[in-house]
Amino acid sequence: MDGKETYQAKCASVGTKETYQESDTCTLVATKEIYQNTCASVETKETYKNTCASVATKEIYQATCASVGMAARYGDLGLVQQLVWHDINVEFKTILGGETPLLLAARGGHFECCRTLIRYSANVNTTTKENFAPLWEAVNMGSLECAQLLLDNGAHINHQIFPGYTVLHTAAVNGHATILAYLVGYGAQLDICTGQELTPIFLASLFGHKDCLIVLLEMV
């Protein structure tokens with residue numbers, strides 16, 4: 001009985017380093033405690049996945065799929081501000097299209113997001129793989145406010161995207177007469193042709209945008 005009692009006492013405790021190391025149960029407990037004490041816990045990961053909006057630190061943000069581009073795309077000004085305050089790269093580009101946060105904000109006509117990104121040194125002339133620029137996106141969207149902001153911060157008004165269209169062509173196609181008039185007054189060239197030799201005047205006429213056509217013909 002003495003031997004049995006000694007054995008039970010030994011099995012019920014960890015008295016030496018060697019016994020601890022040989023115990024799978026103790027190793028498992030130690031591993032679990034170490035894991036729970038790290039910032040990479042399952043609960044933290046799941047919470048972040050479910051919110052996609054909270055950024056505790058720069059490191060956590062950079063390791064996730066929730067980017068400043070996503071915030072800019074949906075006009076989430078609060079999140080954009082939070083991210084740039086954490087020194088997030090405002091020139092981050094999407095993998096497929098090469099779109100910057102500023103371009104995505106301009107595409108949605110999100111003026112305040114555009115202004116915040118520009119304040120934090122976003123390049124107004126960075127283009128996508130197909131040469132689209134933030135100014136083109138703003139004009140295509142019909143956002144005069146964003147277009148003015150971008151031009152006032154150095155956007156190239158006569159920049160041509162992949163098919164050869166300028167922002168003036170785009171305004172003419174979409175019938176954005178007010179924006180078109182502003183662009184003309186800002187110095188946009190009327191005689192630039194697309195790859196198909198199309199001028200803004202021709203496009204305004206083709207799509208039946210009388211107001212745009214009047215503005216353009218007055219400048220000829």
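Residues of region 122-159 that are within 16 Å of Leu180 (Cα to Cα) and in a loop (DSSP other than H, G, I, E, B): Gly142, Ser143, Ala155, His156, Ile157, Asn158, His159. Given the structure, is Val139 buried (at least 21 other Cβ atoms within 10 Å of the Cβ), in contact (Cβ under 8 Å) with a residue 40 or more places away in the chain and at negative phi? Yes: the conditions hold for Val139. For region 207-215, indicate whether the set of residues that are assigned to a helix (DSSP H, G or I) and over 22 Å from Gln148 (Cα atoms) is non-empty. Yes, region 207-215 has at least one match. Among the residues of region 84-92, at least one is aromatic (Phe, Trp, Tyr) and part of a helix (DSSP H, G or I). Among the residues making up region 95-117, those that are out of contact with any helix residue (DSSP H, G or I) (no Cβ under 6 Å at 6 or more places or on another chain) and over 17 Å from Ala147 (Cβ atoms) are Ile95, Leu96, Gly97, Gly98, Glu99. For the residues Ile95, Ile118, the requirement of being at pLDDT 85 or above and not in a helix (DSSP H, G or I) singles out Ile95.
The values are calculated or read from the model by the stated rules, or taken from the named source; none is laboratory data. Here the structure is a predicted model, which is why all the values come from computation and not from measurement. Glycine also receives a Cβ, built like all others from the backbone with ideal geometry; neighbour counts cover every protein chain displayed.
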